[in-house]
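The values are calculated or read from the model by the stated rules, or taken from the named source; none is laboratory data. Note that the structure is predicted; figures quoted are calculated from it, not measured. Counting neighbours? That spans all protein chains shown, and the Cβs are built from the backbone with ideal geometry, glycine included. Just so you know, the surface numbers come from the protein's heavy atoms only, side chains and all, with ligands and any DNA or RNA stripped out. Shrake-Rupley method; radii C 1.70, N 1.55, O 1.52, S 1.80 Å.
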Amino acid sequence: MYVAVKGGERAIDNAHAFLAEERRGDTSVAELSVAQIREQLRLAVNRVMAEGSLYDPDLAALAIKQARGDLIEAIFLIRAYRTTLPRFGASRPLDTAAMAVTRRVSATFKDAPGGQILGPTFDYTHRLLEFRLAADGVVPPAPTALATGDAVPHITGFLNRDGLIETDTPSDDIPPDLTREPMELPASRPLRLQALARGDEGFILSMAYSTQRGYGRTHAFVGELRIGTVEVEMDIPELGFAVCIGEVEVTECETVNQFKGSKTEPPQFTRGYGLTFGQTERKAIAMSLVDRALRWKELGEDNTGAPAQDEEFVLMHADNVQATGFLEHIKLPHYVDFQSELELIRKLRAEAMSALQKEAAE
Amino acid sequence: MTTDSQKNDDRKAWMGVLARAKPDALAALMPADQPDHVLLRAPEIGSVMVRGRVGATGAPFNLGEVTVTRCALRLACGTVGHGHVQGRNRDHARQAALIDALMQTDRAEAIRTQVLHPLAQTEQAARHARAAKAAATKVEFFTLVRGEDK
Amino acid sequence: MTTDTLMGGFTDPARQSASAFRACLTALSRPGHIQALSFATPPAPMSVAAGGLALTLLDGTTPVFLAGALDGASVRDWLTFHTGAPLVGASDATFAFGTYADLLPLDRFAIGTPEYPDRAATLVIEVPSLETRGAHLTGPGIKDHAFLSLPAIAPFQANHALFPLGFDAFLTCGDRIAGLPRSTIVRDV
């Protein structure tokens, strides 16, 4: 049976109008500008850029405004917009060693060259609500100190020199791109990192937490966490050389994990890697833990059956736009599907009833 | 004598300054007498896939895209200018391409002084200010002398 | 790279690329119907229609093979600047441009795989004349039958025999274009 329903169009138009009014809220309160969101809700903007996989703070701020602060909806809007852009090419891999850092900490080496730079962090706040922010927003200027301009080398490089940590062999292979070709499993590490970088922060966080609680046993230290800006360079064919086309803020996390050695590898420290757009430190740390947990096969470790070691489970469920699309579609009309289920149930009940009656009669 | 690679390095440097400049800052510094030009590629908004490396040094992977606007134009004398700038501002890309073209003409020194130097200075100042605030949050460890070492 | 090779792109990219895309789509979905495609001005010897198709369908992810006289500095530079498409050998190409003679043998082009028949090459064949007479065409997109002047018959019959694998072809002549997808059945008359 086919159920045709008409009359939804006006209801939908009116729902959109109602939505627009609700988005604006009480008109006696000043309207929020996109620039205000970009500047004052910057961590929300960063999350939308990281998981929307498009670095553009103004667009991300607009998406947050349009989505009424629903970040997954905003990420959805950014992903949809991204598909309309022609892609001019790919950048050269970012040189994160040349990052202009605003934050850089190591949990493994106190005296790392370049020092421990706390930056604008929540870490040492008391997590007490500041009612002053509700009254006025006047902020005294942050103190300054002489910046030496010295290089801030990667900390894991020091362990490298002694051969105590595995090295990542440089290559110039063209990485797979899951936005162009469907993800194929088993995935290479570059493909896994792309999926994790755009994956849902909450999901990646929970996966990482599960490894810390023992599901996957990858006891990790943050070897280094750094946040700052890096230049983006791209080769321009008509020029014949690479030029800087802009600058992005990124968060990079390298974890150092104990490793007892396996049939194929000597005892040494191993690494997990996280890299995300913007100041998104929880995500970058979680990403590096999950990256490390997924590497059990290439390091010759045991599969303990932990969820974070299951590549199919992690990669196929990490994307919040895919997840929410499938989840939320079940609230949309399924009248026909349900009608057939209803008829099936009625038929089964009728059969069961007649069987019972027959039994009683015998 | 300047070699081709020095010329390219010089051009790379100014194209980078133009790409990173705030659109408004560049617009405010544009010379009043802008030469006639033909658009070879009208300003076009698109994206560039940003890549990172596994473990910072290993194989490349795709991190995510960045919005970029590009433009190419030709002056009456035949000089071609290219602009590739971050963001979605068409004027920014066109103005960057125009400055790139002018930097290859005999107006180069004047443009360098009037446009590129101020932009580079603004950028440097902003970087220094940020680096100075970060430097103030650097931890100074004091190793406490233990009793038995006295 | 000379400035000439930087000219000749779409002057109104949004409208012209949409219109050119419609011309390519119609050509391929209505084999035997010739479409006009006149917005691009590529360097010789590339035709206006082939240039318009290139500007519309090529980008950095579509490797291109240029055959014979087309494989010169001016066409190479023009394609690189306007489309960003990488230039490759015949077997790696998703698009191949050339005269029929220069593109031979046709069995060197990708025909897709059973899992991904779409991973096949599209040939853009420059022909000296393009008329709605000659080979007899039937198949999807053709009501009853159609005619199209083809440079040969047998290779396109062999290609159709591979269906659902096989390459797809466009024929270009000046500012006109026609399509010959792998689904079309070609007969000599």
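Quick look at the values:
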| quantity | calculated |
| --- | --- |
| Number of positions in the stretch A:332-342 that are free of Cβ contacts under 8 Å to residues at least 12 places away in the same chain and not polar (S, T, N, Q) | 6 |
| Within the stretch A:161-174, tally of residues that are open to solvent by 20 Å² or more (accessible area, probe 1.4 Å) and not in a loop (DSSP other than H, G, I, E, B) | 1 |
| Candidate set: the stretch C:87-114, residues that are surrounded by fewer than 17 Cβ atoms within 10 Å (Cβ to Cβ) and in a loop (DSSP other than H, G, I, E, B); chosen: the one nearest to the chain's Cα centre (by Cα) | C:104 |
| Sole residue being of a type outside the set (S, T, N, Q), farther than 16 Å from residue B:111 by Cβ, more than 9 Å from every other protein chain (Cβ to nearest Cβ) and exposed (fewer than 15 other Cβ atoms within 10 Å of the Cβ), chosen from B:33, B:4, B:10 | B:4 |
| Residue check for residue A:326: open to solvent by 50 Å² or more (accessible area, probe 1.4 Å), part of a helix (DSSP H, G or I) and in contact with a helix residue (DSSP H, G or I) (Cβ under 6 Å, 6 or more places away or on another chain) | no |
| Total residues in the stretch B:33-67, condition over 24 Å from residue A:79 (Cβ atoms), in a strand (DSSP E or B) and not small (Gly, Ala, Ser) | 7 |
| Output for the stretch B:105-116, where each listed residue is buried (at least 16 other Cβ atoms within 10 Å of the Cβ) and touching a Ser or Thr at 6+ places or on another chain (Cβ under 9 Å) | B:111 |
| Residue ID - most open to solvent (accessible area, probe 1.4 Å), chosen from residues in the stretch A:175-208 that are more than 30 Å from residue A:70 (Cα to Cα) and free of Cβ contacts under 8 Å to residues at least 40 places away in the same chain | A:184 |
| Single unsatisfied condition, residue C:164 versus (1) open to solvent by 30 Å² or more (accessible area, probe 1.4 Å); (2) out of contact with any helix residue (DSSP H, G or I) (no Cβ under 7 Å at 6 or more places or on another chain); (3) not in a loop (DSSP other than H, G, I, E, B) | (3) |
| Matching option when the condition is among the β-branched types (Val, Ile, Thr) and surrounded by 14 or more Cβ atoms within 10 Å (Cβ to Cβ), among B:139, B:66 | B:66 |
| Verdict on residue B:57 being open to solvent by 10 Å² or more (accessible area, probe 1.4 Å) and more than 30 Å from residue A:290 (Cβ to Cβ) | no |
| Filtered residues of the stretch A:128-143 (kept if surrounded by fewer than 10 Cβ atoms within 10 Å (Cβ to Cβ) and of a type outside the set (D, E, K, R)) | A:128, A:129, A:131, A:133, A:134, A:135, A:137, A:138, A:139, A:140, A:141 |
| Subset tally (residues that are of a type in the set (A, V, I, L, M), modelled with pLDDT under 85 and open to solvent by 50 Å² or more (accessible area, probe 1.4 Å)) for the stretch A:144-160 | 1 |
| Criterion (at pLDDT 95 or above and farther than 20 Å from residue C:164 by Cβ) met by exactly one of C:110, C:101 | C:101 |
| Matching residues in the stretch C:132-151 - criterion: being within 17 Å of the chain's Cα centre (by Cα) and free of Cβ contacts under 8 Å to residues at least 60 places away in the same chain | C:149, C:150, C:151 |
| Residue in the stretch A:5-14 that is in a loop (DSSP other than H, G, I, E, B) and open to solvent by less than 30 Å² (accessible area, probe 1.4 Å) present | no |
| Failed condition for residue C:53, given (1) open to solvent by 10 Å² or more (accessible area, probe 1.4 Å); (2) away from chain B (no Cβ under 14 Å); (3) among the aliphatic types (A, V, I, L, M) | (1) |
| Selection from the stretch A:209-240 of residues that are open to solvent by less than 40 Å² (accessible area, probe 1.4 Å) and part of a strand (DSSP E or B) | A:220, A:222, A:223, A:224, A:225, A:226, A:227, A:228, A:230, A:232, A:234, A:236 |
| Some residue of the stretch B:70-79 being in contact with a Gly (Cβ under 6 Å, 6 or more places away or on another chain), open to solvent by less than 30 Å² (accessible area, probe 1.4 Å) and more than 7 Å from every other protein chain (Cβ to nearest Cβ) | yes |
| Residue in the stretch C:61-70 that is touching a residue at least 40 places away in the same chain (Cβ under 8 Å) and surrounded by fewer than 16 Cβ atoms within 10 Å (Cβ to Cβ) present | no |
| Residue identified as in a loop (DSSP other than H, G, I, E, B) and of a type in the set (Lys, Arg) among B:70, B:88 | B:88 |
| Condition check for residue B:94: more than 12 Å from every other protein chain (Cβ to nearest Cβ), basic (Lys, Arg) and either in a strand (DSSP E or B) or in contact with a Cys (Cβ under 6 Å, 6 or more places away or on another chain) (or both) | yes |
| Test: residue in the stretch B:45-60 that is of a type in the set (S, T, N, Q) and within 14 Å of chain A (Cβ to nearest Cβ) | yes |
| Residue list for the stretch C:115-148, restricted to those being under 17 Å from residue C:168 (Cβ atoms), in a loop (DSSP other than H, G, I, E, B), in contact with a strand residue (DSSP E or B) (Cβ under 6 Å, 6 or more places away or on another chain) and β-branched (Val, Ile, Thr) | C:127 |
| Residues (surrounded by 24 or more Cβ atoms within 10 Å (Cβ to Cβ) and touching a Pro at 6+ places or on another chain (Cβ under 7 Å)) located in the stretch C:169-189 | C:179, C:180, C:184 |
| Cβ-Cβ under 8 Å pairs, at least 6 apart or on other chains, the stretch A:110-127 side open to solvent by 20 Å² or more (accessible area, probe 1.4 Å), far side modelled with pLDDT under 85 | A:110/B:141; A:111/B:141; A:113/A:150; A:113/A:151; A:114/A:150; A:114/A:151 |
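Every residue, every condition in (1) out of contact with any helix residue (DSSP H, G or I) (no Cβ under 6 Å at 6 or more places or on another chain); (2) among the hydroxyl-bearing types (Ser, Thr, Tyr); (3) more than 20 Å from residue A:91 (Cβ to Cβ), yes or no:
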site: B:75; (1), (2), (3): no, no, yes
site: B:81; (1), (2), (3): no, no, yes
site: B:85; (1), (2), (3): no, no, no
site: B:90; (1), (2), (3): yes, no, yes
site: B:95; (1), (2), (3): no, no, yes
site: B:101; (1), (2), (3): yes, no, yes
site: B:104; (1), (2), (3): yes, no, yes
site: B:110; (1), (2), (3): yes, no, yes
site: B:114; (1), (2), (3): yes, no, yes
